[in-house]
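*Asks:* Before we start, here is the structure in question, set down as structure tokens.
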Amino acid sequence: MGKPEVLPDPQFQVDRHELVRRLAAVLPATSLLYSTEDTKPYECDGLSAFRKVPLAVVLPENEAQVQAVMRVCHELKVPVVARGAGTGLSGGALPHEQGVTLGLSKMKSILDIDPVARTAKVQPGVRNLAISEATAPHGLYYAPDPSSQIACSIGGNIAENSGGVHCLKYGLTVHNVLKVRFVTIEGEVMELGSEGLDSAGLDLLALVIGSEGLLGVVTEVTVKLLPKPQLARVVLAAFDSLEKAGQAVANIIGAGIIPAGLEMMDKLATQAVEQFVHAGYPLDAEAILLCESDGTPEEVAAEIERMEAVMRASGATQIRLSKDEAERLRFWSGRKAAFPAVGRIMPDYYCMDGTIPKRKLAEVLEGIDRLSKEFGLRCPNVFHAGDGNLHPLIMFDANVPGQSDLAAKFGSRILTLCIEAGGTITGEHGVGVEKINEMCVQFRPDELETFRAVKTAFDAHGLLNPGKAVPTLNRCAEFGMMHVHRGEERFPDLPRF
Amino acid sequence: MADVEHWAEAVRAAAAAKRTLRIRGGGTKDFYGVALEGDVFETTGYSGVVDHDPSELVLTVRAGTRLSEVEKTLADANQMLAFEPPRLGDNATIGGAVVSGFSGPRRVAAGSARDFVLGVRVIDGQGRDLSFGGRVMKNVAGYDLSRLMAGSFGTLSLLTEVSLKVLPRPEAESTLAFPMLESEALDRINRWAAQPLPLSASCHFDGKLWVRLSGATAAVETAEVRMGGEVIGKEEADAFWTSVRDLRHEFFTGSTPLWRLSVRSTAAPLSLGPQMAEWHGALRWIAADLPADKVHAAAAAAGGHATLYRGGAKAAGIQRLAPPVLALHKRLKQAFDPAGVFGVHRIHPEF
Amino acid sequence: METHLADFIKGTAEGDEAESILRRCVHCGFCTATCPTYQLLGDELDGPRGRIYLIKQVLEGTKATEKTQLHLDRCLTCRSCETTCPSGVQYGRLVDIGRKIVEEQVGRPFAKSVERKAMATVFSSPSLFRPALSAGRAMSGLLPEALRKKIPAVSAGSAWPAPRHKRRMIVLDGCVQPTLAPNINAATARVLDRIGISLVRAENAGCCGAVAFHLNYQEDGRAHMRRNIEAWEKMLIDGAEAVVMTASGCGSTVKEYAHHLAHDQAWAVRAQRVSDATLDLSEILAGETAALVPLLEAKVQGKPRRRLAYHSPCSLQHGQQIRGKAEALLVAAGFDLTPVPDGHLCCGSAGTYSLLQPELSQQLLANKVKALTGSSPEGIATANIGCLTHIQSGTAVRVRHWVEWLDDELGA
């Protein structure tokens, strides 16, 4: 339901009985689920509009079992869909109907913390926040903090190259992972990256990070840890227009300040989360900015002063400074819980993830507002303002016939807006199954072909997470995205339907 | 001025004629790598800044643009390339800085060349004009092929344009020096790095640890007091860090083979010969004529790898990749450059 | 989430409630992070989101098997997930509905049914529990390890001040607590007496009904509830200010009488009155700090501070959403509270869970004891009799109700 039915790219015909028999031979009983009663709860991830029941779910306990599963699937030509905590928002862990869902949730040990070298070696199922909790006694933490950090796993973060509210200053997953152990579809283990800062040969680690489970499965991760800043404080500023808030963002960066976090929420979003977190957000503002400074107390004091001055000069109607750590966390908790909190006002939401140049912010938000009226669906916006990453939340009710389709069309139009503004369809949630059609708008056939060639270098039979992230050219033709792209006609050689 | 379409044609022609091309910007890194094979293909004709809006923190520039020009443009906006690319000669280009993947002293704090790549425009081995990544800070659409180009030394494609994240220049900078032996220096600098101090570079050489602090004035001043040490004057400090960045420091000037070891920062002193340690110990330069096996083994034991950077027997000096990883390299090369037009044998004797 | 209930449940009171809960869930998965069993087992089916999905399947018409029942049985009903859920999903209520329907569909083997019924009966009744406990002590060599360790030492009763104040509050005597730890209510009576409140018992009140209700003898549970309402409402009308809960497990149930009896026309309003008058002891004392704190300060002054680890029962922090109140009182009483990692996680007691799921319960207990004793406290304080006996079974460090620690300081 929801979006147009996803066409399975390559077709697979799997003997389920044989598959289960072979998997049972390499896994403990508690690590193999195959009755529908057990597998149905795995039919979707954090994007529940897309659902498919896999043939089997495997929950290996160690790397050897992951290898064994891969070998079985490779031999029987069975699709493998890796899954971390199942919190993804693009359907990246949507199962394949002829495939095995490979859950890493039992592999969640923190193997080693080296406080002097500032690294932690962990299994892929370890929760993002658990790393920071475990390293806190050493005054260290793992910087990328996606909103779902309480639950999402580091393995999933690698698959999606997750960001978070602090990534403008501290980078994305790709900037904070040193090394991984990686199992190929043939069941071979590779080490990519290094405990040193550079590694030999091509930078395959950078390629694997963000590859959405299409190139292999990560079984061990060495992350970089940073010293926890002595102090962090957040300025909460209210604006009476989105334009002014957007300008304030440009002015802050223009002044040479790189805030630890810089987030924007519009009025609808603020109102939605305030009911849950009681963060004390001003409810009448058209937009609020959360701007964090961290460092030594002296440094923070000086930077906050500059931030406040820029905000005031940019027309802030109200400025509040977090008075203690509890209030700082409360300011952020509203932002971090923004997506699910929408579940309190509307049963379903559809979270978009386009990124645009910051200077186009007002223009794109106006466009979204226009579309919201056109489709008759509300759409609050939260926004990683510092790096131009938009999260419009399209609100709908899946039980009302037609609304899911409407929401999907609305979403697609938003992504097109982002591409037209010089941006991208996904900043951090990944393409998954959700934005696969829009990939045909963002990339030209030659580029998509290169992606597929890279995929083939890792996975010649296309068994890893088929149907996700990179569309086939046929699929693009079917999608009908015959836009004129950079002055050329798209897919001139393909038949039109 | 050269343009992308002509280049694409040239690549197609080379592929058809089974010729190999040796992509060359300023030629300042010709000394590096296993071998220089193929007809020289100059990129300096395609230059100029395409887009730079300081409040976006993004710079898009043509690959043949001189590094010095790029840095001037940024300095005018009080910004910088935070990976501090080495300028190994006046002609060094931004394209060379990116595809070499070399980063300077600030790398340990700010990140490497690949960390700052946001998007690329390249011509692949079939002469196709392709764009990956973008001009925005976050972009996870498709595989991250743009970062893959950093450090590829032109083995996969011909870089024509690159978009980089740029950062404001630090408000204040200060350099401290501490006389101490290597083992103590490694321990101290790693322990400092685990504390919230604004470290932006470190270098141990000849019984002295140099530490650079960068950031807000308040932070730098507090750290100076906390860490102690001798405060080095600005002129001397700048000259020192530039000489380390550009390999013009006296340590690099001899003709002895120069090894570059990327290892765990806390690895014990390697005692292989005259040495300079950067990046809080994660980068160790060794100037000595040594058997490759010995250096490679020492690097592997220290959690990393070694490359014969300059001089000596180059092919032997490259640390071999594990067989499955090498096989993957070859398949990837095939994906980008099936006819084998680019950078053959530049970074590894076997591909 | 999209939901389409099957005809058998659609339009019923339970169906409507379940549907409105399910519709709130957006499948974000945050709940899995704080679920004790998901953390141990790493299977979606043993976390709240998976259990919600299992229940959804059943409500949408798929027949459940023992497998669904097992995953629902493994749930501690600690409701940690409710604290975490940003969408406000009332998981506890949904799982009550789900368990009932699954039990109807799947049933239980005869021996298991007998065991569960026996627990529901014995634990709900002091007159049965007391002799059973004596017998248990006598025969402890014959009992399974998990159960044997849980049989606590005899705890002495202590003086209960005679009612002398105009202000009066009712205490729930409860089922197992008067037998296992009679000092808790006596200490409560003494503390309240010092600040001008007399604590009185109700003649005919008894078990709050939680044990039977959560073993899915929901009607037996409701019978307990009605009996207590009957016993308390007259005293409330006669001027008793509140029904005081000294076991947070009971408290969270009594506060939900109104919910459990909402569809019983004869009892709904009466249940509401009782639920409204019910407060945890920490809520009562937090409202009386003007009288209490000076008393404590006078006692504490000049004495070295003592170190305690505090375990907040799930029924208090998640079920009743009360946090920080007992802790603040202990600090005022001269105790420093040691840091306790993963304070949101269940100790594994969870009513009868420790007997029905001994393996998981023991793992949770081991983790909890490690977390509580990691900073070498002098003792452990908690707020629920179930947690108290369970944690005590895993450590030599003394575990008491926080009001007992407080009462000692006041009496010293």
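The values are calculated or read from the model by the stated rules, or taken from the named source; none is laboratory data. Everything numeric here is computed off the predicted structure, so don't read it as measured data. Every residue, glycine among them, receives a Cβ derived from its backbone with ideal geometry; neighbour counts consider all protein chains shown. Side chains are part of the model used for accessible areas, which takes the heavy atoms of the whole protein and leaves out ligands, DNA and RNA. Shrake-Rupley method; radii C 1.70, N 1.55, O 1.52, S 1.80 Å.
*Asks:* Once you treat every alpha carbon in segment C:207-350 as an equal point and sum by Debye, what is log10 I(q)/I(0) at q = 0.12, 0.14, 0.22 Å⁻¹?
*Replies:* -0.60, -0.76, -1.30
*Asks:* Give the cross-link partners of A:Lys373 among the lysines, using a straight C-alpha distance below 25 Å as the criterion and excluding same-chain residues fewer than 8 apart.
*Replies:* A:Lys3, A:Lys244, A:Lys267, A:Lys358, A:Lys360, A:Lys409, A:Lys435
*Asks:* Working from Cα positions, state the angle (0 to 90°, nearest 10) between the long axis of helix A:267-277 and the longest principal axis of chain A.
*Replies:* 80 degrees
*Asks:* Which FRET efficiency, nearest 0.05, do C:Ala412 and A:Glu133 yield, Cβ-Cβ r, R0 41 Å?
*Replies:* 0.60
*Asks:* Run the dipole for the protein assembly as shown about the Cα centre, Lys and Arg Cβ at +1, Asp and Glu Cβ at -1, nothing else charged, and hand back the magnitude in debye, nearest 20.
*Replies:* Computed about the Cα centre, the dipole is about 2480 debye.
*Asks:* Starting from the alpha-carbon convex hull of segment A:346-434, give the projected area averaged over all orientations, in nm².
*Replies:* 5.3 nm²
*Asks:* For chain A, what is the convex hull (Cα atoms) projected area averaged across all directions, in square nanometres?
*Replies:* About 23.4 nm², averaged over all directions.
*Asks:* Continuing with this model, one more query. Assuming a viscosity of 1.567 mPa s and a temperature of 4 °C, what translational diffusion coefficient in µm² per second does Stokes-Einstein assign to segment B:172-245, Rh being the Kirkwood radius over Cα pairs?
*Replies:* 106 µm²/s
*Asks:* Same structure, new question: As a test of the definition: with a 1.4 Å probe, what buried accessible area, both sides summed, do you compute for A against C, in Å² to the nearest 100?
*Replies:* Rounded to the nearest hundred, the buried surface is 3100 Å².
*Asks:* At q = 0.14, 0.21 Å⁻¹, what base-10 log of I(q)/I(0) does the Debye formula yield for segment C:13-106 when every alpha carbon is treated as an equal point scatterer in vacuo?
*Replies:* -0.43, -1.00
*Asks:* Compare the Cα positions of B:Gly38, A:Ala255, B:Gln195 along the charge dipole of the protein assembly as shown (+1 at Cβ of Lys, Arg; -1 at Cβ of Asp, Glu; about the Cα centre) and return the one farthest towards the positive end.
*Replies:* Comparing the listed Cα positions along the dipole, B:Gln195 ranks first.
*Asks:* Keeping all protein chains in place and using 1.4 angstrom, which order do A:Leu178, A:Leu231 fall into by accessible surface area, from largest down?
*Replies:* Listed by decreasing accessible area, they come as A:Leu231, A:Leu178.
*Asks:* Taking amide H positions as placed in the peptide plane 1.01 Å from N, state which residues far from B:Thr65 in sequence (5 or more) or on other chains have amide H under 5 Å from it.
*Replies:* B:Gly48, B:Ile94, B:Gly95
*Asks:* Note down the accessible area of C:Val399, probe 1.4 Å, to the nearest 10 Å².
*Replies:* Surface open to solvent at C:Val399 totals about 10 Å².
*Asks:* Figure the gain on full extension for C:Arg201 and C:Ala328 (residue separation times 0.36 nm, minus the Cα-Cα span) and round it to one decimal in nm.
*Replies:* Result for the pair: 43.0 nm of gain on full extension.
*Asks:* A:Lys228: which lysines have alpha carbons under 17 Å from its alpha carbon, excluding same-chain residues fewer than 8 sequence positions away?
*Replies:* The qualifying lysines are A:Lys169.
*Asks:* Oh, and also: Roughly how many whole Å is it from the C-alpha centroid of segment A:308-361 to that of segment A:71-150?
*Replies:* 27 Å
*Asks:* Something else now. With a sphere of radius 12 Å drawn around the Cβ of A:Ala460, what net charge do the other residues whose Cβ falls strictly inside it have (Lys, Arg +1; Asp, Glu -1)?
*Replies:* Its environment carries a net charge of +2.
*Asks:* Using the structure shown, list the pairs from A:Lys106/C:Lys368; A:Lys121/B:Lys165; C:Lys299/C:Lys325 with a Cα-Cα distance above 26 Å, or answer none.
*Replies:* Over 26 Å Cα-Cα: A:Lys121/B:Lys165.
*Asks:* Can you give the relative contact order of chain C as a percent, counting alpha carbon pairs under 8 Å and 6+ residues apart?
*Replies:* 14 percent
*Asks:* Same structure, new question: Could you calculate the FRET efficiency of B:Ala172 with B:Asp76 from 1/(1 + (r/R0)^6), where r is the beta carbon distance between them and R0 is 22 Å, rounded to 0.05?
*Replies:* Plugging the Cβ-Cβ distance into 1/(1 + (r/R0)^6) gives 0.65.
*Asks:* Given axes a ≥ b ≥ c from the Cα gyration tensor, I'd like to know whether the protein assembly as shown is rounded (a/c under 1.5), prolate (a/b larger than b/c) or oblate.
*Replies:* prolate
*Asks:* In whole Hz and in residue order, list the ³J(HN,Hα) couplings for segment A:407-420 that follow from phi through the Karplus curve 6.51 cos²θ - 1.76 cosθ + 1.60, θ = phi - 60°; x for Gly and Pro.
*Replies:* Karplus-based 3J(HN,Hα) across segment A:407-420 equals 4, 5, 5, 4, x, 4, 5, 5, 5, 4, 4, 5, 5, 4 Hz.
*Asks:* Which whole-Hz couplings ³J(HN,Hα) result when phi for each residue of segment B:248-265 is put into the Karplus expression 6.51 cos²θ - 1.76 cosθ + 1.60, θ = phi - 60°, listed in order with x for Gly and Pro?
*Replies:* So the J values, rounded to whole Hz, are 10, 4, 3, 4, 8, 7, x, 10, 5, x, 10, 9, 10, 10, 9, 9, 4, 5.
*Asks:* Only protein chains counted, 1.4 angstrom probe. Which residues of segment B:165-180 are at least 20 Å² less accessible in the assembly than when their chain is isolated?
*Replies:* Buried by the other chains: B:Lys165, B:Pro168, B:Glu171.
*Asks:* Over the protein assembly as shown, with the other protein chains present, what is the accessible area per residue in square angstrom, probe 1.4 angstrom?
*Replies:* 35 Å²
*Asks:* Between the DSSP loop rule and a limit of at most 12 other Cβ atoms within 10 Å, which trypsin sites (Lys or Arg not before Pro) in segment B:1-110 are left?
*Replies:* Filter output for segment B:1-110: B:Lys18.
*Asks:* On a 1.4 Å probe surface of the protein chains, which of A:Arg21, B:Arg260, C:Arg270, C:Arg164 comes out largest in accessible area, and what is the full order?
*Replies:* C:Arg164, A:Arg21, C:Arg270, B:Arg260
*Asks:* Right, next: Springs between alpha-carbon pairs under 10 angstrom, Gaussian network model over chain B: which of B:Ile189, B:Ile232, B:Ile318 fluctuates most?
*Replies:* The residue that fluctuates most here is B:Ile232.
*Asks:* Which whole number gives the average count of other chain Cβ atoms within 10 Å of the Cβ atoms across peptide B:279-285?
*Replies:* The mean count of partner-chain Cβ atoms within 10 Å per residue comes to 3.
*Asks:* Which of the listed residues, C:Leu76, C:Gly50, C:Phe30, is farthest toward the dipole's positive end in segment C:13-106, when Lys, Arg count +1 and Asp, Glu count -1 at the beta-carbon?
*Replies:* The Cα lying farthest towards the positive end belongs to C:Phe30.
*Asks:* Using modelled backbone amide H atoms (1.01 Å from N, in-plane), which distant-in-sequence or interchain residues come within less than 5 Å of B:Asp53's amide H?
*Replies:* B:Val58
*Asks:* Then there is this: Select from segment B:8-47 those chymotrypsin sites (Phe, Trp or Tyr not before Pro) which occupy a DSSP coil region and have at most 14 other Cβ atoms within 10 Å, ordered by residue number.
*Replies:* Loop-located and lightly packed - B:Phe31.
*Asks:* Semi-axes of chain C's equivalent ellipsoid from the Cα gyration tensor, sqrt of 5 times each eigenvalue, largest first, rounded to whole Å?
*Replies:* 34, 24, 22
*Asks:* Distances longer than 26 Å among the Cα atoms of chain B: what percent of all pairs is that?
*Replies:* 51 percent
*Asks:* In addition: Modelling each spin label as a point 7 Å along the Cα-to-Cβ direction, I'd like the C:Val293/C:Leu128 distance in nm, to one decimal.
*Replies:* Placing both labels 7 Å beyond Cα along the Cβ direction yields 4.7 nm.
*Asks:* Using a 1.4 Å probe and counting only protein heavy atoms, how much accessible surface gets buried when A and B come together, both sides summed, in Å² to the nearest 100?
*Replies:* It comes to approximately 6300 Å² buried between A and B.
*Asks:* Continuing with this model, one more query. Along Cα→Cβ, 7 Å out, is where each label goes; now give me the distance between the ones at B:Ala17 and B:Ala288 in nm to one decimal.
*Replies:* 4.8 nm
*Asks:* Rounded if a/c is under 1.5, else prolate if a/b beats b/c, else oblate: with a ≥ b ≥ c from the C-alpha gyration tensor eigenvalues square-rooted, which is segment A:16-103?
*Replies:* Note, shape of segment A:16-103 comes out prolate.
*Asks:* Please compute the length gained on full extension between C:Thr83 and C:Asp342, using 0.36 nm multiplied by the number of residues separating them and subtracting their Cα-Cα distance.
*Replies:* Answer, rounded to one decimal: 91.9 nm.
*Asks:* Of the options C:Gly287, C:Ala277, C:Val254, report the single residue whose Cα projects farthest towards the positive end of the charge dipole of segment C:166-304 (beta-carbon charges: Lys, Arg +1; Asp, Glu -1).
*Replies:* C:Gly287
*Asks:* Apply the Kirkwood formula to segment C:296-411: the hydrodynamic radius equals the inverse of the mean of 1/r over all pairs of different alpha-carbon atoms; give it in Å with one decimal.
*Replies:* Kirkwood hydrodynamic radius for segment C:296-411: 14.4 Å.
*Asks:* If you take the beta carbon distance between A:Ala24 and A:Asp446 as r and set R0 to 45 Å, what does 1/(1 + (r/R0)^6) give as a FRET efficiency, to the nearest 0.05?
*Replies:* It comes out at approximately 0.50.
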